[in-house]
Amino acid sequence: MSRYVLAAAAALFATTATAHEFEAEGLVIGHPFAFATTPTAMSGAGYLTVTNEGDTPDALIGIEADFPRVMLHTSSEEDGVMRMEHVERFEIAPGETLTLAPDGNHVMFMGLDGDPFEAGEEIPATLIFETAGRVDVVFNVEERGEMEMDHSEMDHSVMDHIEMDHD
């Protein structure tokens, strides 16, 4: 029996150890992360939650990081084909949680150019909110689960960032 208690405690510790959050102006940003990418990936996706614990609405209106392009995206399925689109903002009403997760809303880091995300790496970024302003966060790079989508292989034809500069 004690072996099962130890295993449960270890699992809880592992989950707690990988979780991290940031706070600003009534917003709680939970566990920013990205999945490890392949060496040939040109892009990677980032995920997180933002809970508005304040009394006024806010909106995530941008993100900055050290990549040629970083954008807010939404994914949708149309006629069996997954598509991504750039969005200008994600509204967050008081008491609500914005979820950026695989197969849905996400951050897109573009222009990896042979410099893949590796498990254990940290990606510093700045989230930009309409009311709360700029919030520095760190995306932890984690191993990809078997069922997770690889955004580097996704159809980007509907997006406006195909002609990226690769200085």
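The values are calculated or read from the model by the stated rules, or taken from the named source; none is laboratory data. Predicted model, so just to flag it, every value in this text is computed and none were measured. Here Cβ is always computed from backbone atoms with ideal geometry, including for glycine, and neighbour counts include all displayed protein chains. Calculation scope for accessible area: heavy atoms of the full protein, side chains included, ligands and nucleic acids excluded. Shrake-Rupley method; radii C 1.70, N 1.55, O 1.52, S 1.80 Å.
Extension gain Asp55-Thr40, at 0.36 nm per residue separation less the Cα-Cα distance, in nm?
Value of the extension gain: 0.9 nm.
Using a 7 Å offset from Cα along Cα-Cβ at Asp136, what residues in region 66-104 end up with backbone N under 15 Å from the label point?
The answer is 66, whose backbone nitrogens lie closer than 15 Å to the label point.
Once both labels are modelled 7 Å past Cα along the beta-carbon direction, what's the Asp66-Thr99 spacing in nm?
Once both label points are built, they end up 3.3 nm from each other.
Defining a contact as two alpha carbons under 8 Å apart and six or more residues distant in sequence, what relative contact order in percent does region 21-142 show?
That works out to 35 percent.
Which of the peptides 40-51, 67-78 is most tightly packed, and how do the rest follow, going by the mean number of other Cβ atoms within 10 Å of each residue?
Peptide ranking by packing, descending: 40-51, 67-78.
How much of the accessible area of region 21-142, probe 1.4 Å, is carbon plus sulfur, in whole percent?
Result for region 21-142: 45 percent of the exposed heavy-atom area is carbon or sulfur.
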